[in-house]
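Chemist: The following block contains the structure, expressed as structure tokens.
The values are calculated or read from the model by the stated rules, or taken from the named source; none is laboratory data. Keep in mind that what you see is a predicted model, and the values were worked out from it rather than measured. Cβ placement follows ideal geometry from the backbone for every residue including glycine, while neighbour counts extend to all protein chains displayed. For the accessible areas, the whole protein counts, side chains as well, though only heavy atoms, and no ligand, DNA or RNA atoms are used. Shrake-Rupley method; radii C 1.70, N 1.55, O 1.52, S 1.80 Å.
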Amino acid sequence: MAKKAPVTSIEWQQTLCQTGQAEALKRQITQSFKQADVLAGEADDDINASSHAIALHACGDLHLHLIKQAVEKQPAEVTISPCCYHLTRQSTYLPCSKLGQKSSLKISKQVLKLAVSKQATSGKRQARLSELGSIMAFGL
Ligand SMILES: C[S@@+](CC[C@H](N)C(=O)[O-])C[C@H]1O[C@@H](n2cnc3c(N)ncnc32)[C@H](O)[C@@H]1O
């Protein structure tokens, strides 16, 4: 059964917020849009113990920021669909877990990018590199 809880959507681009807000009004959905820079911490206060924090296709540092905020604020529920792992300010991947931090494995941005290279649209070489990247990154 669908939940009827109000939704606050956070987005950096003002025009997307305005378009989303207009659509929500038209469809009579209790969804509000807030223009904010997540990476500057402008949406940190939107996460609290009773919230369900959701990140859909949150690129690189965006989903990492949510993971760190979730650890700190302990929201009731967290749903993350990460993408574009390579879009990060770090030069190499920095694992969040203590176990990962102890690992000697260093994953470059180039290898991280392979994780989101589409097999359906890529050529044989790209598909092979993508598979190789998964093996290197995750030991598959
Ligand atoms: C890959 S899109 C996903 C959009 C939407 N969640 C979806 O699933 O279709 C990533 C979105 O994050 C927004 N974004 C990028 N950097 C941001 C930031 N620092 N703060 C807030 N939003 C940001 C972009 O403008 C873009 O709309």
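Chemist: Which of the residues spanning region 1-30 are in a strand (DSSP E or B) and open to solvent by less than 50 Å² (accessible area, probe 1.4 Å)?
Modeler: Residue satisfying the conditions is SER9 alone.
Chemist: Pairs please, first residue from region 65-76 and free of Cβ contacts under 8 Å to residues at least 60 places away in the same chain, second anywhere and among the charged types (D, E, K, R), Cβ atoms under 8 Å, 6+ apart in sequence or on different chains.
Modeler: What qualifies is GLN69/ASP44; LYS73/ASP44.
Chemist: Output the qualifying pairs, or none if there are none: Cβ atoms under 7 angstrom, residues six or more apart or on different chains, first residue in region 18-40 and in contact (Cβ under 8 Å) with a residue 24 or more places away in the chain, second residue of a type in the set (Asp, Glu).
Modeler: PHE33/GLU11; GLN35/GLU11; ALA36/GLU42; LEU39/ASP61
Chemist: For region 35-46, check the following and say yes or no: at least one residue is open to solvent by 50 Å² or more (accessible area, probe 1.4 Å), over 19 Å from LYS68 (Cβ atoms) and either within 12 Å of the ligand (Cβ to nearest atom) or in a loop (DSSP other than H, G, I, E, B) (or both).
Modeler: Yes, some residue in region 35-46 is open to solvent by 50 Å² or more (accessible area, probe 1.4 Å), over 19 Å from LYS68 (Cβ atoms) and either within 12 Å of the ligand (Cβ to nearest atom) or in a loop (DSSP other than H, G, I, E, B) (or both).
Chemist: Let me ask something else. On the basis of being out of contact with any Cys (no Cβ under 7 Å at 6 or more places or on another chain), within 11 Å of the ligand (Cβ to nearest atom), over 28 Å from GLN110 (Cβ atoms) and of a type outside the set (A, V, I, L, M), does THR15 make the cut?
Modeler: Yes: the conditions hold for THR15.
Chemist: Collect the residues in region 71-111 that are away from the ligand (no atom under 16 Å from the Cβ), surrounded by 10 or more Cβ atoms within 10 Å (Cβ to Cβ) and hydroxyl-bearing (Ser, Thr, Tyr), keeping them in residue-number order.
Modeler: Selection gives THR92, TYR93, SER103, SER108.
Chemist: Can you pull out every residue in region 47-58 that is within 8 Å of the ligand (Cβ to nearest atom) and open to solvent by less than 90 Å² (accessible area, probe 1.4 Å)?
Modeler: ALA55, ALA58
Chemist: Still on this model: Is there a residue in region 114-127 that is aliphatic (A, V, I, L, M), in a helix (DSSP H, G or I) and under 15 Å from the mean Cα position of the chain (by Cα)?
Modeler: Within region 114-127 (the criterion being aliphatic (A, V, I, L, M), in a helix (DSSP H, G or I) and under 15 Å from the mean Cα position of the chain (by Cα)), the answer is no, since none of the residues qualifies.
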